[in-house]
Amino acid sequence: GNALDEAIQRQIRRERDVIIGLRTAEYIKKQIGCSYLREVELGLTVKGKHFITGMPVSIEVSSTEAYLAMRPQLEQISEAVRSVLELTPPELAADIMSSGIYLTGGGALLTGIDEMIYRKTGIRTVVAERAVECVALGTGEALNHMDILSQNGYVFKSRDEIGGLEVDETE
């Protein structure tokens with residue numbers, strides 16, 4: 001998500017000579033950002049600072065402009081998903097094929113990202129319910145069941161148990 005925000009920031013500075021903050025870039029991404037070219041163009045007025053004059057300005061940003069800014073990062077994301085799937089053991093790949101890919105985190109909320117990954121992989125892709133919170137909720141649930149994790153060998157080892165790590169006592 002941060003890389004997408006930064007890409008929007010760079011695009012607007014490069015193409016419009018306007019500096020916007022990361023919050024504004026994130027706002028653009030959330031409001032009109034999309035992982036494909038929209039059939040119906042959306043626009044959004046944002047405020048920034050003109051790079052040359054230093055004066056405050058308002059500009060209209062289009063959904064196409066936001067998409068073009070994010071496209072390289074979106075291609076990296078879809079290619080990374082594809083690469084991971086290519087390296088996935090057959091048994092796990094079969095499970096993924098049957099249950100699908102679930103997207104989590106704030107980036108999962110970008111319009112059309114599930115469709116983009118589906119097109120790249122051919123695997124049903126859905127945005128997880130409560131995508132922004134689900135990783136934290138799942139971690140909390142796992143911690144509530146440490147006994148199950150322990151019985152199945154998934155408890156984290158301490159630094160001493162791992163061995164081979166040199167500890168700098170001055171830190």
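Since every read-out is calculated from the coordinates, none of them should be taken as a lab result. On a predicted model such as this, the values are computed, not experimentally measured, just so you know. Cβ: placed from backbone, ideal geometry, glycine included. Neighbour counts: every protein chain shown.
Enter the angle in degrees (range 0 to 90, nearest 10) between the Cα long axis of helix 22-32 and the first principal axis of the Cα atoms of the chain, meaning the one along which they spread out most. Computed tilt is about 90 degrees.
Quick one: Cα centre-to-centre distance for the range 105-132 and the range 43-70, in angstrom? Result: 27 Å between the Cα centres.
Highest GNM mean-square fluctuation, the chain, Cα pairs closer than 10 Å: which of SER78, SER63, SER99? Highest fluctuation of the listed residues: SER99.
Along the range 9-21 the Karplus relation, 6.51 cos²θ - 1.76 cosθ + 1.60 evaluated at θ = phi - 60°, assigns HN-Hα couplings of 4, 4, 4, 5, 5, 5, 8, 10, 6, 10, 9, 10, x Hz to successive residues, with x for each Gly and Pro. Between ALA128, ALA94, ALA108, the Gaussian network model of the chain with springs among Cα atoms under 10 angstrom shows the greatest mean-square fluctuation at ALA94. Within the range 95-144, the GluC sites (Glu not before Pro) that combine a DSSP coil assignment with at most 10 other C-beta atoms in a 10 angstrom radius are GLU129.
Once you mark the trypsin sites (Lys or Arg not before Pro) that are in a DSSP loop and have at most 11 other Cβ atoms within 10 Å, what is the longest gap between them in the chain?
Answer - 1-129.
Which label belongs to the value computed from this structure, given these candidates for Cα extents along the principal axes in Å: (i) 62, 50, 28; (ii) 57, 44, 28; (iii) 54, 34, 27? The calculated read-out lines up with (i). Pairwise Cα distances in the range 1-86 exceed 20 Å for 34 percent of all pairs. In the range 3-152, Cα pairs under 8 Å separated by at least six residues give a relative contact order of 20 percent. Calculated mean residue ellipticity, 222 nm, the chain: -16500 deg cm²/dmol, from DSSP H runs (n ≥ 4) at -39500 (n - 2.57) each, averaged per residue and rounded to 500. Between GLY138, GLY33, GLY21, the residue with the greatest mean-square fluctuation in the GNM of the chain (Cα pairs under 10 Å linked by springs) is GLY138.
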